[in-house]
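Trainee: Below you'll find the structure I mean.
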Amino acid sequence: MPKILIVEDESVVAWDLEESLARLGYTVLATVTSGAEAISIPTTIKPNLILMDIRLEGDIDGIAAAKQIRDRFDIPVIYITAHADEQTWQRALKTNPYGYIIKPFQERELQTTIEIALRRHELEMRQEQTKQLLLTTINSIKEATIATDEKGCITFLNPVAESLIGWQTHEVLGKLASQVIPLRDAKNGRAIENPLAQSIQKATKITAHNFCLLRAKNGKDISINLTATPIRNKEGKIIGSVMVCQKVTDHQSRETGQHLAAQHLVETLALSIQKSLSLDQILNITVTEIRQLFQNNRVIIYQFNSDGSGSVVEESLANDCQPMLGLEEYKPWIADPNTIKHYQLGQIQVIEDLYTRGVKPEYLQFLQFFDIRSQVVIPLLNKEKLWGLLICYNCAVSWQWQQWQIEILKNLATYVSIAIQQAEIYEELKLTNHKLQDIIGIDTLTQLRNQHYFEQSLAREWKQLAHQQIPLSIILCDIDCFKAFNGTYGNEAGNDCLRKVASEISQSIVRNTDLVARYGGEEFIVMLPHTNGEAAIWIAQKIRSSIKRLKIAHVSSPVNRYLTLSFGVATMIPNLQSSPKTLVASAAQALYQAKSEGRDRVVLWDSRTYNVK
């Protein structure tokens with residue numbers, strides 16, 4: 001079971017944690033009371049997780065200790081506290097905690113937070129291992145590879161590139177590629193524009209064979225072939241470029257260009273994965289570039305389902321071919337069951353003429369319908385499990401593959417397999433982080449507190465003010481006609497609108513004791529302790545005016561041509577016999593009334609209406 005270190009200076013709380021963890025089946029490695037002790041423990045015995053009280057006596061508080069532990073030992077830390085002001089909370093968030101538990105805690109909440117934190121840490125380690133594997137593979141490639149960011153500044157050189165140009169990566173990192181690797185036309189000696197910059201500006205592949213001279217660090221000119229291609233992110237935006245260079249000698253054959261193009265495809269795919277390009281884009285690049293490179297009639301990616309069936313998830317084909325994309329296969333025409341066990345071992349299948357294999361009549365119909373004569377099948381593995389197949393089809397009677405072409409396909413399949421594994425880790429990590437963000441109380445879109453955190457804070461404030469008999473106010477507001485806004489401007493514009501509104505509401509709230517949260521969809525909520533109804537109305541009107549000053553266009557709104565908000569305000573003096581949910585429900589009733597009366601207004605729960613337009 002996971003070993004846990006407790007860092008807590010309140011003995012009663014520490015004892016309670018030990019008892020709870022024992023009941024949940026965890027091993028308590030030790031319990032210490034100071035930040036200094038917490039930092040010293042991992043040097044001898046490394047825990048799997050640390051539960052850290054934020055407020056600790058001494059020179060090193062829980063946040064400072066957590067930062068040192070994360071930097072030095074990479075151990076996940078979950079914060080425990082009874083209450084933290086906004087400034088302390090922001091300090092804590094900068095240490096990238098794996099969770100946040102508020103005292104007094106429930107055992108189920110404790111267990112959930114621990115399990116999510118441990119899973120997230122495991123996924124992050126797997127992701128880092130995948131990155132290191134990818135980097136090692138890139139560095140082992142035999143062609144010189146240079147990558148830049150979108151400004152043309154160097155971000156990567158592999159060892160072959162360092163040897164070719166004479167510069168080490170640390171010497172040129174962040175410098176313009178055009179300055180580090182000047183190029184000239186081999187025919188007339190004139191300087192030419194750097195292909196890396198060209199590929200970014202023109203958003204296309206730039207190729208040059210036997211016409212470039214590269215000036216190395218020692219001043220020597222080197223004749224090279226090169227290909228530069230832009231790198232795009234998940235949204236399709238160009239974020240850099242990659243160039244593959246090959247030194248040219250007089251005796252090289254005509255195949256040099258095709259060899260270089262093939263190697264460039266491998267490099268581009270590798271760096272695209274490193275830049276976290278989406279799996280769909282990786283697969284699309286793979287099939288498109290392979291077909292263009294080897295002049296196949298059709299290249300597909302076939303993915304297996306859990307029940308043994310499968311489907312074609314990506315395809316590139318010649319204009320005169322019948323498309324396979326989306327084909328769901330329940331009969332073994334694409335994936336021959338007799339060869340599955342060989343694919344699972346990573347073995348490749350090359351068939352120059354399928355018609356000579358004595359195929360069954362129904363399989364022959366399949367081959368004739370899709371005009372298939374020969375094929376090369378490369379297995380795609382995900383952690384030694386067969387994920388799918390990369391298949392090249394041709395309609396020629398005989399198609400003889402050269403060994404270097406097979407090697408290129410094997411290299412490409414390796415990178416696609418890495419991309420598949422990385423995509424799986426990324427999706428699981430994203431889901432885990434969403435769960436974690438929900439637990440620690442942050443809305444990922446607006447960076448405000450979320451509903452879960454707000455309700456916990458409201459319950460604590462309710463109890464405290466009930467003893468003091470001091471008023472507590474709530475402002476519940478809603479963006480008017482937000483569905484129409486999304487329909488007109490799109491979801492991305494809608495998300496940007498939510499972020500702007502959230503920021504404006506936050507800036508309108510100045511006291512540390514007040515709390516702003518996203519309450520769901522397009523709803524926001526503000527908790528105002530020590531605030532009566534009149535003051536709460538004034539704050540709501542202040543927020544309403546500030547939103548109008550943003551002048552966010554909303555042509556679909558029947559209320560105003562600019563974005564508006566409706567507000568419901570409720571005020572109560574808390575008592576222990578009632579629930580804080582009553583206060584929120586009252587604010588919701590006032591908000592409903594504001595919308596019923598025409599929107600873009602503030603309504604107080606006691607029926608006093610402020611209708612200012």
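Trainee: Provide, for region 421-560, the number of lysine pairs with alpha carbons under 27 Å apart, each pair being eight or more places apart or on different chains.
Mentor: Taking the Cα cut-off of 27 Å, the pair count is 12.
Trainee: Okay, moving on. On each of the three principal axes of the Cα atoms of region 50-128, give max minus min coordinate, whole Å, ordered largest first.
Mentor: 35, 30, 20
Trainee: Along each of its three principal axes, how wide is the spread of alpha-carbon positions in the chain, in whole angstrom units, largest first?
Mentor: 92, 66, 63
Trainee: Still on this model: Per the Debye formula with a single identical scatterer at each Cα and no solvent contribution, what log10 I(q)/I(0) holds for region 507-613 at q = 0.09, 0.15 Å⁻¹?
Mentor: -0.23, -0.64
Trainee: I'd like to know how region 526-581 sits against the 2.2 N^0.38 Å rule of thumb: what's its Cα Rg over that expected value?
Mentor: On the way: Rg = 15.3 Å, N = 56, 2.2 N^0.38 = 10.2 Å.
Compared with the compact-globule rule of thumb, region 526-581 sits at 1.50.
Trainee: On to the next question. Across region 191-199, in residue order, what do the Karplus-derived ³J(HN,Hα) couplings come to in whole Hz, using 6.51 cos²θ - 1.76 cosθ + 1.60 with θ = phi - 60° and x for Gly and Pro?
Mentor: Result, rounded to whole Hz: 5, 10, 5, 4, x, 4, 5, 4, 5.
Trainee: Pull up the cross-link candidates among the lysines for residue 385, meaning alpha carbon to alpha carbon under 17 Å and not fewer than 8 places away within one chain.
Mentor: Qualifying lysines at Cα under 17 Å: 341, 410.
Trainee: Still on this structure, I have one more. Counting only protein heavy atoms, what percent of the accessible surface of the chain is carbon or sulfur at a 1.4 Å probe? Don't skip to the end; give the middle numbers.
Mentor: Values: 14430 of 29120 Å².
Carbon and sulfur: 50 percent of the exposed surface of the chain.
Trainee: Oh, and also: Measuring from label point to label point, each 7 Å out along Cα→Cβ, what is the residue 18 to residue 535 span in nm?
Mentor: Spacing of the two 7 Å Cα→Cβ label points: 4.5 nm.
Trainee: Can you give the accessible area per residue of the chain, in Å², using a 1.4 Å probe? Working shown, then result.
Mentor: Working: 29120 Å² over 613 residues.
Counting only protein heavy atoms, the per-residue value for the chain is 48 Å².
Trainee: Test of the criteria: in region 141-246, which GluC sites (Glu not before Pro) are in a DSSP loop and have at most 13 other Cβ atoms within 10 angstrom of their Cβ?
Mentor: 193, 235
Trainee: For residue 427 and residue 179, calculate 0.36 nm times their separation in residues minus their Cα-Cα distance, and state this gained length in nm to one decimal.
Mentor: Details: separation 248, 0.36 × 248 = 89.28 nm, distance 3.95 nm.
This chain segment gains 85.3 nm when fully extended.
Trainee: Which value, to two decimals, describes the C-alpha radius of gyration of region 417-563 once divided by 2.2 N^0.38 Å? Show your work: numbers first, answer last.
Mentor: On the way: Rg = 18.2 Å, N = 147, 2.2 N^0.38 = 14.7 Å.
Here the Cα radius of gyration is 1.24 times the empirical estimate.
Trainee: Can you give me the distance in nm between label points at residue 207 and residue 96, each placed 7 Å from the Cα along the Cα-to-Cβ direction?
Mentor: 4.1
Trainee: Here's another thing I want to ask about it. When 1/r is averaged over all different Cα pairs and the result inverted, which Kirkwood radius in Å belongs to region 489-544?
Mentor: Working: mean 1/r = 0.0816 Å⁻¹.
Value: 12.3 Å, from the Cα pair sum.
Trainee: In region 1-81, how does Rg compare with the Kirkwood Rh, expressed as the Rg/Rh ratio over alpha carbon atoms?
Mentor: Numbers: Rg = 11.4 Å, Rh = 12.3 Å.
Rounded to two decimals, Rg over Rh is 0.93.
Trainee: Okay, moving on. Quick one: how many lysine pairs in region 22-170 have C-alpha atoms under 29 angstrom apart, if they're 8 or more apart or on different chains?
Mentor: Count of close lysine pairs: 13.
Trainee: Here is a further query. Which loop GluC sites (Glu not before Pro) in region 35-102, with loop taken from DSSP, have no more than 12 other Cβ atoms within 10 angstrom of their Cβ? Walk me through the numbers on the way to the answer.
Mentor: Values: sites: 37, 57, 86; in loops: 57.
When the GluC sites (Glu not before Pro) of region 35-102 are filtered for loop state and at most 12 Cβ neighbours within 10 Å, 57 remain.
Trainee: Next up: What GluC sites (Glu not before Pro) does region 348-386 have in DSSP loop regions with at most 11 other beta carbons within 10 Å? Don't jump to the answer; show the numbers that get you there.
Mentor: Values: sites: 352, 362, 384; in loops: 352, 384.
Passing sites in region 348-386 are 384.
Trainee: Which ³J(HN,Hα) values, rounded to whole Hz and listed in residue order, are derived for region 365-382 from phi using the Karplus coefficients 6.51, -1.76 and 1.60 in 6.51 cos²θ - 1.76 cosθ + 1.60 with θ = phi - 60°, glycine and proline given as x?
Mentor: Running phi through 6.51 cos²θ - 1.76 cosθ + 1.60 with θ = phi - 60° gives 4, 4, 5, 5, 4, 9, 6, 10, 10, 9, 7, 10, 10, 10, x, 10, 10, 10 Hz.
Trainee: So for the pair residue 30, residue 151, with labels modelled 7 Å out along Cα→Cβ, what separation do we get in nm?
Mentor: Taking the two extended label points, one gets 4.6 nm.
Trainee: To the nearest 20 debye, what charge dipole does region 453-609 have about its Cα centre, counting +1 at the Cβ of each Lys and Arg and -1 at the Cβ of each Asp and Glu? Let's see the in-between values first.
Mentor: Numbers: 18 positive and 14 negative charges, 53 e Å.
Dipole about the Cα centre, nearest 20: 260 debye.
Trainee: At 222 nm, what value in deg cm²/dmol follows for the chain if DSSP H runs of at least 4 each add -39500 (n - 2.57) and the sum is divided by all its residues, to the nearest 500?
Mentor: Working: 19 runs with 265 residues, N = 613.
Estimated from H runs of four or more residues: -14000 deg cm²/dmol.
Trainee: Now for a different question. Over 18 Å apart: what share of the alpha carbon pairs of region 57-103 falls there, rounded to a whole percent? Display every interim value, and only then the final one.
Mentor: On the way: 245 of 1081 pairs.
It works out to 23 percent of all Cα pairs.
Trainee: So, one more: Please give the charge dipole size of the chain, origin at the Cα centre, charges +1 on K and R Cβ atoms and -1 on D and E Cβ atoms. Round to the nearest 20 debye.
Mentor: Numbers: 64 positive and 67 negative charges, 330 e Å.
Rounded to the nearest 20 debye, it is 1580 debye.
Trainee: While we're on this one: Less than 15 Å apart at the alpha-carbon level, and either on another chain or at least 8 residues along: which aspartates and glutamates does that give for residue 175?
Mentor: Those aspartates and glutamates meeting the cut-off are 149, 150, 162.
Trainee: Say the dipole of the chain comes from +1 at the beta carbon of Lys and Arg and -1 at that of Asp and Glu; which of 451, 180, 316 then lies farthest toward its positive end?
Mentor: Of 451, 180, 316, it is 180.
Trainee: Over the chain, what is the relative contact order in whole percent, taking alpha-carbon pairs under 8 Å and six or more residues apart? Provide the component values of the computation, followed by the final result.
Mentor: Values: 1100 pairs, mean separation 46.9, N = 613.
Relative contact order for the chain comes out at 8 percent.
The values are calculated or read from the model by the stated rules, or taken from the named source; none is laboratory data. Only a predicted model underlies this, so the values are computations on that prediction, with no experimental measurement involved. Cβ coordinates were reconstructed from backbone atoms using ideal geometry, including for glycine residues, and neighbour counts include every protein chain displayed. Protein only, heavy atoms only, side chains kept; ligands, DNA and RNA dropped before computing areas. Shrake-Rupley method; radii C 1.70, N 1.55, O 1.52, S 1.80 Å.
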